[in-house]
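Below is one structure, written out as structure tokens, with a few remarks after it.
The values are calculated or read from the model by the stated rules, or taken from the named source; none is laboratory data. As the structure is a prediction and not an experimental result, all values here were calculated from the model. Cβ sites come from the backbone with ideal geometry, for glycine too, and all protein chains shown count toward neighbours.
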Amino acid sequence: MAKWTPRHEAPEPLEGPVVATITGGTILWFALFLVQLPFYGWFADHGHTWWLWTCLAGAGLGLIGIWYVRKRDQAIKRAAAAAAEGL
């Protein structure tokens, strides 16, 4: 099998409201966890408790994601300010 080589340049990454997107997703995961929590007995009886824990894991990972994208956003702004100052 031949080695794959790209035929065109990769597009620039899309920048948008990353912090808001990750925060919204985290809130959604936690809301789904809270909505399912009263039905824990039904989930346990049918072997579907993993649904609850998946939502809780999504919320927890989302908190890490919020921390990460906020730090990334701050670093991008610092680099832009340093580049503007250096001109």
query = So which residues in segment 60-84 are polar (S, T, N, Q) and loosely packed, with under 10 Cβ neighbours inside 10 Å, if there are any at all?
reply = none
inquiry  = Return the residues of segment 25-63 that are outside any helix (DSSP H, G or I) and on the phi < 0 side of the Ramachandran plot; say none if nothing qualifies.
reply    = H48
ask   = How many residues are modelled with pLDDT under 85 and either touching a Cys at 6+ places or on another chain (Cβ under 7 Å) or not hydrophobic (A, V, I, L, M, F, W, C) (or both) when one looks only at segment 9-32?
value = 3
note = Restricted to segment 20-50 and to residues being among the aliphatic types (A, V, I, L, M) and surrounded by fewer than 14 Cβ atoms within 10 Å (Cβ to Cβ), the residue farthest from I64 (Cα to Cα) is A44
key: Positions within segment 1-24 being assigned to a helix (DSSP H, G or I) and of a type in the set (A, V, I, L, M, F, W, C), in sequence order   = V18, V19, A20, I22
ask   = Could you give every pair whose Cβ atoms fall below 8 Å, whose first residue belongs to segment 35-62 and is closer than 18 Å to G24 by Cβ, and whose second residue is of a type in the set (S, T, Y) and at pLDDT 95 or above, counting only separations of at least 6 or pairs across chains?
value = G58/T26; A59/T26; G62/T23; G62/T26
